[in-house]
Amino acid sequence: MSDTHEIHSDVPLPKRRAFGGVVRNWPFQNLHVGQCFYVDALKGTAEGKTTENSVRTSSSREGRGGKRFTVRRIDADRLGVWRVE
């Protein structure tokens, strides 16, 4: 195994994203109490599980500061996210 890495100069640094590298994909900040949005997350697939974990983690993070969200599986294809407080 080689420990060589090519060094580059004059490469612009990408702009920082929200939450240390994660782009906000879902409209948590736009929800009012009682409203919801849906997220495609196919049950039983690796991508679906990753999406579900990401939505649940994001709902917990976005819930700091007095807002509260809950995530429920609607069917095998999607999740629902509700603002409850």
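By per-residue mean of other Cβ atoms within 10 Å, what is the highest-first order of 27-35, 68-76, 50-58?
50-58, 68-76, 27-35
Run the reach check for Lys49 against aspartates and glutamates, Cα to Cα strictly under 17 Å, same-chain hits fewer than 8 apart removed. What comes back?
Result set, ordered by chain and number: Asp40, Asp75, Asp77.
Read the figures in this text as sums done on the coordinates, not as results from a lab. Just so you know, these numbers come straight off a predicted model, no measurement behind them. Quick reminder, even Gly has a Cβ in these numbers, built from the backbone with ideal geometry, and neighbours come from all protein chains shown.
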